[in-house]
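Below is one structure, written out as structure tokens; the observations come after it.
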Amino acid sequence: MPTRRPREAAESPAAPAERPCEAVESLAAPAGRSRSPRSLREAWTALAGLSAVFLFEMLDNSVLNVALPTIGRELSASATALQWVTSAYAVVFGGLMLALGALADRVGRRRVMLVGLVLLGAASLATAFVTTVEQLIAVRSATGIAAAMTTPGSLALAFRLFDEDGLRVRATTLISTVGLVGLAVGPTAGGLVLAVAPWQTLLLVNVPIAALAYLGIRRGIPADRADELHRDPVDAAGALLGTATVVLALVAPTLFVELGARSPLPWLTSAVAAAAAVLFVVRERSARHPLLDLELVARPLVSSGLAFKGAAGLATAGLGYLVTLHLQLDLGWTPARAALGMLPQVVVLIAGGALVGPLIKRVGLDRAAWLSAGAVVCGLAVYGLLGRFGYPWVAVALALAAAGMRVVGVVAGTNVMRGLPRNRTTVGAALVDSAGEVAAAVGVAVGGTVLAALVTGDLTAPDRDAHRTAEFLDAVGCAGLVLTAVAAVLVGWGIRRARVADRGTGTSAAGATAG
């Protein structure tokens, strides 16, 4: 086993593992760098480009889902093929984020972002020439590669753009709000477009979004300085193992939902994913130049931020999955009305952006993370215990969880960035996104597995008597409580690690306000 050199002493002398405040200091602008913007208005060009990147991420799959029936008819696609139209993007995106994030920290975050935006524009433009479902899956895979090159960089570049935590939080809030607006209006806008234009138009809209993002980032963000980059060679073996781990971790939950817990394939896939994860850890602990330094992940601010992000991702996907089934299969709502039933979540996610800054300014970053993550758990608990008693309780659960997710999504990413050296910010952002992606897949898998285990017969059968209705309500309530327990464990771990960070600095992190 090769001897590992003391990387932290060489690369980030001001950022030992248990002193996150010093890690923040290491992120200050290096000597010779141009003055950072003192307000969001000064950085409007860059923020417009970064917001366009996040808009693409939120808008892309939500708009595509509306067109799946049309795509199936026009391309004569099977149900399995249609699933891969959406899954190919998610699996490639999630699987490559760590490897491409590590590459960006070495060759330049801005450079990788711009190349990814060119690829995004080209892949989206290729949609116009698609004639088979296999070609569309290839295009969606290329789009996933572009997303893996651009999405983690949007958080890293926004963080790098400013020197003050308050401006970083406000910038992240602005960028995420733009994306959430796209998520909210995407399905409705997509339906209107399909009424007058071919389905390819929905993906061609990514071309002007990519162009806007390219111009904003090229003009508004300076190129990375040499002293801001990580110069160690890329760990190819670690990249392959990390990619395999995330890809299998994303595929396994889908197999559980589709094939059920009685099928051996989901369990085999999970076992291989676990084995790949173990090999990845062994590799990263022994490699001279690891892809992901596990000592950095173990830092209190980093591990707490990832735990909070995981809880939010679990709640977003798991609650959305259960509520959508609940509204249609129990209350008998149409798909359109069920979509309207999710509006409390959408409204709070968008409007809640105005509350992020004041809350953090009042209680500090760490307490804001604890409170918002706690709200996510409370929302899940309300649904699990009271959702069966009618839609008002479902709406309360959606609003509570959304309020928590709105804050924790910003704070978790900021804390991870605060806890890392300057030359690891993109791989840190990739970690945040990977945690959300994997947790979301687990949330859907948990919900689907519990329903499959507790509901007898066909879940969607139209002839439901009182017994089957009660059985279904018991099952969704149980699934909600299981999700509550898992999210509570993640939140508890996050709070514990954040308190370790407080003790390590000797001062309360609540003092880091969002001026």
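The values are calculated or read from the model by the stated rules, or taken from the named source; none is laboratory data. These numbers were taken from a predicted model, which means no experiment stands behind them. Cβ sites come from the backbone with ideal geometry, for glycine too, and all protein chains shown count toward neighbours. We work out accessible area using only protein heavy atoms, side chains counted, and drop any ligands, DNA or RNA first. Shrake-Rupley method; radii C 1.70, N 1.55, O 1.52, S 1.80 Å.
How much FRET efficiency would the formula 1/(1 + (r/R0)^6) give for ARG73 and VAL118, where r is the Cβ-Cβ distance and R0 is 22 Å, rounded to 0.05? Can you show the working numbers first?
Working: r = 32 Å, r/R0 = 1.47.
For ARG73 and VAL118, the calculated efficiency is 0.10.
Compare the peptides 275-282, 190-197 by average per-residue count of other Cβ atoms within 10 angstrom and give them in order, highest first. Display every interim value, and only then the final one.
Numbers: 275-282: 16.5, 190-197: 13.4.
Peptide ranking by packing, descending: 275-282, 190-197.
So what are the ³J(HN,Hα) numbers for the stretch 225-235, from phi and the Karplus equation (6.51, -1.76, 1.60; θ = phi - 60°), rounded to whole Hz, Gly and Pro as x?
After applying 6.51 cos²θ - 1.76 cosθ + 1.60, I find 7, 4, 7, 9, 9, 9, 9, 5, x, 6, 7 Hz.
For VAL246, what charge total do you get from the other residues with a beta carbon under 11 Å from its beta carbon, if Lys and Arg give +1 and Asp and Glu give -1?
That works out to -2.
Using the scaling law 2.2 N^0.38 Å as the reference, what is the normalised Cα Rg of the stretch 347-428?
Relative to the 2.2 N^0.38 Å estimate, the stretch 347-428 comes out at 1.27.
Can you send over the carbon and sulfur percentage of the accessible area for the chain, probe radius 1.4 Å, protein chains only?
Carbon and sulfur together cover 68 percent of it.
What distance in nm separates the simple spin-label points at LEU229 and THR86, each placed 7 Å from Cα in the Cβ direction?
3.9
Once you place label points 7 Å from the Cα toward the Cβ at VAL196 and ARG499, how far apart are they in nm?
5.8
Debye calculation, C-alpha points only, no solvent: report log10 I(q)/I(0) for the stretch 130-199 at q = 0.15, 0.17 Å⁻¹, in the same order as the q values.
The calculated log intensity ratios at q = 0.15, 0.17 Å⁻¹ are -0.75, -0.86.
May I ask for the net charge around ALA147, where only other residues with Cβ less than 11 Å from the Cβ of ALA147 are counted and Lys, Arg are +1 while Asp, Glu are -1?
Neighbour charge sum, excluding ALA147 itself: -3.
Could you state the accessible area per residue of the chain in Å², with a 1.4 Å probe and every protein chain left in place?
In whole numbers, the chain has 40 Å² accessible per residue.
Suppose only helical runs count, i.e. DSSP H with n ≥ 4. What mean residue ellipticity at 222 nm does that imply for the chain under -39500 (n - 2.57) per run, divided by all residues and rounded to the nearest 500 deg cm²/dmol?
-26500 deg cm²/dmol
More than 43 Å apart: what percent of Cα pairs in the chain qualify?
13
Tell me the label-point distance for the pair GLU258, VAL489, using the 7 Å Cα-to-Cβ offset, in nm and rounded to one decimal.
In this crude label model, GLU258 to VAL489 measures out at 2.7 nm.
Hey, can you rank 106-112, 70-76 by average C-beta count inside 10 Å, highest first?
On the way: 106-112: 19.4, 70-76: 14.6.
Top to bottom by mean Cβ count within 10 Å: 106-112, 70-76.
Sum up the charges of everything whose Cβ sits under 12 Å from the Cβ of ARG168, counting Lys and Arg as +1 and Asp and Glu as -1, but leave ARG168 out.
0
Tell me, what is the FRET efficiency for ALA271 and ARG41 to the nearest 0.05, using R0 = 45 angstrom and their Cβ-Cβ distance as r?
Approximately 0.30, to the nearest 0.05.
Can you give the FRET efficiency for LEU215 and THR132, using 1/(1 + (r/R0)^6), R0 = 30 Å, r = Cβ-Cβ distance, to the nearest 0.05?
0.35
With +1 assigned to the C-beta of every Lys and Arg and -1 to the C-beta of every Asp and Glu, and no other charges, what is the dipole magnitude of the chain about the Cα centre in debye, to the nearest 20?
1300
Based solely on C-alpha atoms, express the radius of gyration and the Dmax of the stretch 381-461 in angstrom.
Gyration radius and largest Cα-Cα distance of the stretch 381-461: 17.6, 55 Å.
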